[in-house]
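Every number here is computed from the coordinates shown, using simple stated rules; none is lab data. Please read all numbers here as calculations on a predicted model, not as lab measurements. Please note: Cβ atoms are built from the backbone with ideal geometry, for glycine as well, and neighbour counts cover all protein chains shown.
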Amino acid sequence: MKKGLFAVVILLVTLSSCRSLRPNIMMKTPKDYKFDVPQDSISPEYRIQPNDNFDFRIFTNDGFKLIDLTSLNIASNSVNINQSLDYVVEFDGKVKLPMLGRIQVAGLTLRQAEFMLEEKYADYYVKPFIILKITNKKVFVFTGNSDKANIVILANDETNVLQALASAGGITNDGKAYKIKLLRGELKNPQVFLFDLSTIEGIKKAGMTLQSNDIIYVEPVPRIGKSLVAEIAPYVSLLSSILIIITFSRTFQ
């Protein structure tokens, strides 16, 4: 009787543990999965994307107001410059701007967008000078077996994978430095890159410039020992209770 119960419990533990020993592993890919390869031709500059918010400023005369000391307001001790406005790039990559209407900007670098808008606003202003700045650039970083995700704000337009990992606290002791995934684009059909930071060659590839809403995932090392104990404990407790009940029932027979 005891041997039969013990065999059943062991079987249940084995079946349940096959999956639950690694419950925190995300973004699994098959062994033969073909990852996207970072291209050397990819621009090192940040490119505007749908849902980006950007600060938009326009000045005339090549931005003369920015350095015109005669516009100094002595009372407030500030330079009178054009007010900045915040705009959102819509789902189709267009942004609605004053006088121009909806203009396609997604896929352009900030420099390209500034040049393009300066040309268009030249029909209305004398030598327009435009300054654009993305205000909501961020990436999501999952480092090893940590129970928290990190949201890293991209402080500059050329933040790469290594810099984002450093901002998130680095790779934990339980993280695989040789298995770091980067997801980019729509989650229905994202680009997936794989980086091996355990080698110098892999670190070179990790210099790829990040885009807003990229997801960086450091695959954790399975905590087999700790997970196994946690999984077996309920069954051991159940088995002990059953054996105690059986022992007492036989004692009073």
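Couple of notes before you dig in:
- With a threshold of 24 Å on the Cα-Cα distance, the over-threshold entries among Lys179/Lys205; Lys138/Lys205; Lys96/Lys181 are Lys96/Lys181.
- Taking other Cβ atoms within 10 Å as a rough exposure proxy, Val221, Val89 sort from fewest to most as Val221, Val89.
- With 32 Å as the limit, the listed pairs Lys137/Lys204; Lys127/Lys188; Lys148/Lys188 have Lys127/Lys188 beyond it between alpha carbons.
- With K and R counted +1 and D and E -1, the other residues having a Cβ less than 9 Å from that of Arg102 yield a net charge of 0.
- On the beta carbon distance between Thr109 and Glu186, with R0 = 22 Å, the FRET formula returns roughly 0.55.
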